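Enquirer: This is the structure, below, for whatever I ask next.
What follows is calculated from the coordinates using simple rules that are stated; it is not laboratory data. Remember, it's a predicted structure, so these values are computed and weren't measured experimentally. Please note: Cβ atoms are built from the backbone with ideal geometry, for glycine as well, and neighbour counts cover all protein chains shown.
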Amino acid sequence: MRDEGFREFVTSCAPALSRTAYLLTGDHHLAEDLLQSALANCHRHWRRIRHDNPAAYVRRAMHREHISWWRRRRPPERLLGVPDPDRAAPGDLAEQATLRLTMTGALAVLTPRQRAVVVLRFYDDLTEAETARVLGCTVGTVKRHGHDALARLRAHLPGAFAEHTEVPS
């Protein structure tokens, strides 16, 4: 049966994969489209990938699809200034909104490859080797994109990195 275990995989990994998709796209609706596309691809190949690391397969599929969208220069469909009530959490909503907008804006200044490295390394907490596997590149490329991304983020958000003044090499 093709679906054996797929439903459980999606149920257990969907929140983390959805977060990754959002961080890659910067838009909730595009993130849903991106994740759905990647999961459809994963479902087609489930027999082959289910015993490996299907989450890495989906992350790689999302990364490739996002790059494909970026290359086609698909204009993002956004409703600016409209809050997403489904994402509201208890606490200081103004502070959460400010942080979310700051991070979304900061990630937007990165190239798609730099954004993918930052999301996979710091949000999904993958190692450099795991990130390289997901992106289909070398560890050195991951380090280079990570270095460039952090330098760009430091320039974009000068006060956010006050504790760490040196860019790691």
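Enquirer: Using packing as a proxy for protection, rank 142-151, 40-49 so that the peptide with the highest average count of other Cβ atoms within 10 Å comes first.
Expert: The densest-packed peptide leads the list: 142-151, 40-49.
Enquirer: While we're looking at this one, here's another question. Please list the non-local residues whose amide H lies under 5 Å from the amide H of Gly26, H modeled 1.01 Å from N, same-chain partners needing a gap of 5 or more.
Expert: Distant-sequence amide H within range of Gly26: zero hits.
Enquirer: So who's got an amide H within less than 5 Å of the one on Leu126, skipping anything under 5 residues away but keeping other chains? H placed 1.01 Å off N, in plane.
Expert: Hits under the 5 Å cutoff: Arg121.
Enquirer: Please find the FRET efficiency linking Arg152 to Glu4, where r is the Cβ-Cβ separation and R0 is fixed at 41 Å, and quote it to the nearest 0.05.
Expert: 0.40
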